[in-house]
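Note sheet for the following structure.
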């Protein structure tokens, strides 16, 4: 990109409103300089979104900026970390002023909400638009929510509703491919859930601060795939109660219960948290989560490792034979 | 990418040899978890390299892995930081086992040399290969080398030799475009200087630890462009002694003194440090840098801000009229 185009980018990305005392130096030097509170660990995560692999070219840049930040904040939430800063690496074919304005607005919208500072990054020219964000946050030492800490007897919980992200993806796909030209209110809700997921920061913080859980992840690839990571890493299995899977009324109205359950199990991009809670902590969990107003549901239980099948399903207490594999978006 | 391809990538990127006590959790969870030494600030930098914008498609993957790390470590060196960890975001059209093996070998070669751990990242599928690395390191609080700290009367220094990176780029360009089919030993040296620059970590550390300088950056875009950043941010100007510009014998033999000076001033991708030193620190500088065996040269002096021209040039004490602008590689 030409020099003037870089200046244009600087204009949008240095106009942020969040000021943090722990940032001594941000955009404009070789590195950013920050400090970490005493006694805290630093949680670090990196996520990339590439056009045609993670989003369609017709995505509104404001939604793209928003979502690129959320996917990273969601990883911090899944560790029980308090988000602090992000770095942005943005690759674009050209610097379009309107695009950059909208993208940065979407980005700062969610950054400001969580008091997160943009501390630096790199802007490069390349034929395929791509966004890599590295997000960092703090977590009390030895309290982070890990994937390898599920224990037999733990209850399995998820936040929010599941399956909306995948249903929204299919709708966006139909719109992009011209199979659909308009959406109704319920479809629009599912699309918004895909484009503007909610990072469950306050929930992750409550789980660590009150030591309600030590095992969580965020559902970016769907419950089957992601809970599968917890089971593998913890050396356990799970029983899921299908009737307890939380689905939005939009999803249920549009697709019916059976299809909604499929979306919930297989779907990705919900960015809800999945976490496990020991039996003796159940009452404490309800007490501490009530003030947060974050919806959460118990969907099953961790059991002894079953070498044949790491996840089994039941409805009304009866085993159901289901074989579901994780869905891969934009599979080539 | 298919699941098995991701497994392939995991295979190469988890086989590192560097173990650090400050990394509690690395690749495999939602975030990495690390700790920072007491009293230190965290320096954070992000750099992206995109095929056809920063490297030619025929680059050896081992060199690419090496160089992608160096460009980031060089930013840490320029702050006087001690490198600690990197995160890698890698976008590839497909997972090729031989390519990944060579790329990771090049990356670990330089990471191991500086005892830097790969703590996480993201691997995505996309039509244009791209690498974004976020590197982090430690610096004593309030001692970082910044761009805005040059003072009138300071001497201007550079490490190593200048211009090799740009000459190497032209040779790589000729080879890629078929204008050249073989290189001699001196050309090969310049190409190596471009593909495998040296991050000046020990120099940056010495400058901060002994408080020899408080102003530095790394020369990624050429002396004229990069020293220009120091001058702008510090509100000063500079006089450069052309005869003092350090050039390699390969560059001088191939291009002659005048062309070599042009390369030195305009050229990018040298990844040498440029730093300023107060007059009263000159003797101390020589004393502390001698054991490092890092070549360094005084090339000029910081002067009062000249609103007409922020950089002036002289040869044997006489003003020379030169107007040089920073070179942009792969300019579209």
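The values are calculated or read from the model by the stated rules, or taken from the named source; none is laboratory data. What you see is a predicted model, and the numbers here were worked out from it, not measured in a lab. Neighbour counts run over all protein chains shown; Cβ positions are idealised from the backbone, glycine included.
Of the residues making up segment A:66-82, those that are closer than 14 Å to residue A:198 by Cα and in contact with a strand residue (DSSP E or B) (Cβ under 8 Å, 6 or more places away or on another chain) are A:67, A:68, A:69, A:71, A:72, A:73, A:74, A:75, A:76, A:77, A:78.
For segment B:152-174, the set of residues classified as over 28 Å from residue B:301 (Cα atoms) and touching a helix residue (DSSP H, G or I) at 6+ places or on another chain (Cβ under 8 Å) consists of B:168, B:169, B:171, B:172, listed by residue number. Within this structure, residue A:84 fails the test of being in contact with a helix residue (DSSP H, G or I) (Cβ under 6 Å, 6 or more places away or on another chain) and touching a residue at least 12 places away in the same chain (Cβ under 8 Å). Considering the conditions (1) farther than 25 Å from residue A:251 by Cβ; (2) out of contact with any strand residue (DSSP E or B) (no Cβ under 7 Å at 6 or more places or on another chain); (3) at pLDDT 95 or above; (4) surrounded by fewer than 22 Cβ atoms within 10 Å (Cβ to Cβ), residue A:114 is excluded by exactly one of them, (2). Just to be sure before I move on: is residue B:246 closer than 30 Å to residue B:54 by Cβ and away from every other protein chain (no Cβ under 14 Å) in the structure I sent? Spelling it out, residue B:246 is indeed closer than 30 Å to residue B:54 by Cβ and away from every other protein chain (no Cβ under 14 Å). Could you go through segment A:248-257 and let me know if any residue there is part of a loop (DSSP other than H, G, I, E, B) and closer than 27 Å to residue A:145 by Cα. The answer is yes, given that some residue of segment A:248-257 is part of a loop (DSSP other than H, G, I, E, B) and closer than 27 Å to residue A:145 by Cα. Under the condition of being more than 13 Å from chain B (Cβ to nearest Cβ) and surrounded by fewer than 20 Cβ atoms within 10 Å (Cβ to Cβ), the residues counted in segment A:209-230 number 3. Only one of the numbered conditions (1) touching a helix residue (DSSP H, G or I) at 6+ places or on another chain (Cβ under 7 Å); (2) at pLDDT 95 or above; (3) closer than 24 Å to residue B:150 by Cβ; (4) surrounded by 20 or more Cβ atoms within 10 Å (Cβ to Cβ) is not met by residue B:294, and that is (4).
Here residue A:21 clears all of (1) modelled with pLDDT of 95 or more; (2) within 22 Å of residue A:141 (Cβ to Cβ); (3) more than 7 Å from chain B (Cβ to nearest Cβ) except the condition numbered (1).
Out of the residues in segment A:67-85 that are buried (at least 24 other Cβ atoms within 10 Å of the Cβ) and in a strand (DSSP E or B), which is farthest from the chain's Cα centre (by Cα)? Once the filter is applied, the top-ranked residue is A:84.
Name the residues in segment B:286-310 that are in a helix (DSSP H, G or I) and under 19 Å from the mean Cα position of the chain (by Cα), would you? Even if it seems obvious, please write down each step before you answer.
Start the filter on segment B:286-310 by keeping residues that are in a helix (DSSP H, G or I), which leaves B:286-292.
Selection gives B:292 alone.
Look at (1) crowded, with 19+ Cβ neighbours inside 10 Å; (2) touching a residue at least 40 places away in the same chain (Cβ under 8 Å); (3) within 11 Å of chain A (Cβ to nearest Cβ) and you find that residue B:148 fails only one, number (1). If you check A:159, A:104 for being crowded, with 24+ Cβ neighbours inside 10 Å, over 18 Å from the mean Cα position of the chain (by Cα) and in contact (Cβ under 8 Å) with a residue 24 or more places away in the chain, only one passes: A:104. Please go through segment B:222-247 and give me each residue that is touching a strand residue (DSSP E or B) at 6+ places or on another chain (Cβ under 9 Å) and part of a loop (DSSP other than H, G, I, E, B), ordered by number. Hits for segment B:222-247 are B:236, B:245, B:246. Restricting attention to segment B:127-138, the residues that are at the interface with chain A (Cβ under 7 Å from one of its Cβ atoms) and more than 23 Å from residue B:103 (Cα to Cα) add up to 0.
Considering segment A:26-40, and only residues there that are facing chain B (nearest Cβ under 7 Å) and in contact with a helix residue (DSSP H, G or I) (Cβ under 9 Å, 6 or more places away or on another chain), the residue that is nearest to residue A:139 (Cα to Cα) turns out to be A:33.
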